[in-house]
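Just below is one structure, and these are the notes that go with it.
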Amino acid sequence: MKRDSQTPVELFDAAITGQRHAIGRLLSLVEQGGEAADAVSALTHEKSGDAMVIGITGPPGSGKSSLLSQLLKVIVAAGFRPAVIAVDPSSPLTGGAILGDRVRIDATDTATFIRSIATRGHSGGLALAVPGAVRVLDAVGFNPVIIETVGVGQVEVDVTASADTTIVVANPGTGDAVQANKAGLLEVADIFVVNKSDLPGSNDARRDLELMLDLSHMTGQEDSTGRRPPIIMANSLEGSGAAELWSAIVEHGEHLVATNQIDTRRAKRQLAELRSRVSDALLDALDNELASEQGADVVAALSDRRITPSEASSQIIDRVIRID
Ligand SMILES: Nc1nc2c(ncn2[C@@H]2O[C@H](COP(=O)(O)OP(=O)(O)O)[C@@H](O)[C@H]2O)c(=O)[nH]1
Ligand SMILES: [Mg+2]
């Protein structure tokens, strides 16, 4: 049978036995979106929920992929079977950045699965493709599932922040602590890593983060259990800090379980996905309505000042959510 003609069910049966091409095909269906992605989600939804989901974010070039390649070695040595989803918002699928990422983080290990997801300029697509891809990797037996995103753009931050454990990477001498604060990353970080600790200024970067954490403590942004995110110093050219990072991840996972936060986090993740799904559908319905003859009439009435903006929006809303 030709590979392309395999149904999602056949692909899933093959994927669960570890066949990498089948896993890849399932992930492609998820990225495609629409009915193909829904069929895959229907298969993987019930069988997922076991994997620890880890988000890793930080500025481009901060060494996220390098840190991950070191972390993957530690995770595999600890007996786990990790998978990585690298989100690149700018590069097309054939882009050099993705290829570069792959080469750097592609562990020689067959226990590891690494996949890049491009957003193709469609942010709604990313918000749905990532949870769908996490479900596939979880359902076919990978654990943990790690998501790498650049810490710019709300969707990227949201996707990473909805992990069980979110790691924020900063560098010395770049004012990353301030940037992280501005991007809202301080509030979502469970663990900080000062990567490139071999470069000058790494202690200053650490102190900046400590100060920011002190401030957030004062403004009450911290975790309600009073847990303070640890700051780990790493040099990902040689691997120092990776073992400590893994210990911190495991410890945070235990903290989530001990404080009953794991279910709330996961419920939050489901809610975020549901929200994206519904708002995507509503936006599509809105665009269809506006493109229709009746929609054009409402727009014309608004332009001629026959109706007010609020009347126009009420009329459109009534039409979009009308129940036939
Ligand atoms: N000096 C130094 N360079 C690093 C370190 N980690 C990564 N790099 C370099 O930083 C650059 C960007 O790394 P990369 O992992 O691609 O960053 P990403 O864009 O955040 O994934 C590469 O040239 C790495 O070799 C480190 O700990 N120290
Ligand atoms: Mg990278």
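If you bin every alpha carbon distance in region 1-41 into 10 Å steps from zero, what whole percent lands in each bin?
34, 59, 7
Based only on other Cβ atoms within 10 Å, what is the fewest-to-most ordering of I54, I262?
Working: I54 26, I262 16.
With the sparsest Cβ surroundings first, the list reads I262, I54.
Which percent of Cα-Cα pairs in region 186-269 sits in each 10 Å bin, short to long?
16, 42, 32, 9, 0
Order by neighbour count: R269, R306, fewest other Cβ atoms within 10 Å first, most last.
So the residues, fewest neighbours to most, are R306, R269.
What order do you get for 173-179, 155-161, 311-317 when each peptide is scored by the mean count of other beta carbon atoms within 10 Å, highest first?
Values: 173-179: 17.4, 155-161: 23.3, 311-317: 14.9.
Ranking, from highest mean packing down: 155-161, 173-179, 311-317.
Roughly how far apart, in whole Å, are the Cα centres of region 275-323 and region 45-87?
Spelled out, the Cα-based centre of one part sits 43 Å from the other.
Which far-off residues, 5 or more places away or on another chain, put their amide H under 5 Å from the one on A86, with H placed in the peptide plane?
Correct list: R115, S116, I117, E148.
Any idea what Rg and Dmax come out to for the chain if you just take the C-alpha atoms, in Å?
When restricted to Cα atoms, the chain yields Rg and Dmax of 22.0, 70 Å.
Once you list every other residue whose beta carbon is under 14 Å from the beta carbon of D297, what net charge do they have if Lys and Arg are +1 and Asp and Glu are -1?
Working: positive: R306, R319; negative: E289, E293, D304, E311, D318.
That sum, taken over residues with Cβ under 14 Å, equals -3.
What FRET efficiency, computed as 1/(1 + (r/R0)^6) with R0 = 25 Å and r the Cβ-Cβ distance, is obtained for T308 and R275, rounded to the nearest 0.05? Could the numbers behind the result be given before it?
Values: r = 29 Å, r/R0 = 1.17.
Once the sixth-power term is evaluated, E becomes 0.30.
Name the residues whose placed amide hydrogens come within less than 5 Å of the amide hydrogen of I232, ignoring near sequence neighbours (fewer than 5 apart) on the same chain.
F192, V193, V194
Under the rule of at least 5 residues apart or a separate chain, name every residue whose amide H is placed under 5 Å from the amide H of A111.
Distant-sequence amide H within range of A111: zero hits.
I'd like to know which of S279, L185, I249 lies farthest towards the positive end of the charge dipole of region 176-312, counting +1 on Cβ of Lys and Arg and -1 on Cβ of Asp and Glu.
Of the candidates, I249 comes out farthest on the positive side.
Quick check: convex hull of the Cα atoms in region 275-320, volume per residue, rounded to a whole Å³? List each step's numbers first, then the result.
Numbers: hull volume 2.9 nm³, N = 46.
It comes to 64 Å³ per residue, whole-number rounded.
Could you list F80, F142 in order of exposure, starting from the residue whose Cβ has the fewest other Cβ atoms within 10 Å?
Numbers: F80 17, F142 22.
The order, fewest Cβ neighbours first, is F80, F142.
If you place +1 on the Cβ of every Lys and Arg, -1 on the Cβ of every Asp and Glu, and leave all else neutral, what size is the dipole of the chain about its Cα centre, to the nearest 20 Debye? Don't skip to the answer; put the middle values down first.
Details: 29 positive and 43 negative charges, 111 e Å.
It comes to approximately 540 debye.
Coordinate-derived values only; no laboratory data. Being a predicted model, the structure only gives us computed values, none of them experimental. Positions of Cβ are generated from backbone atoms using ideal geometry, with glycine treated the same way; all protein chains shown enter the neighbour counts.
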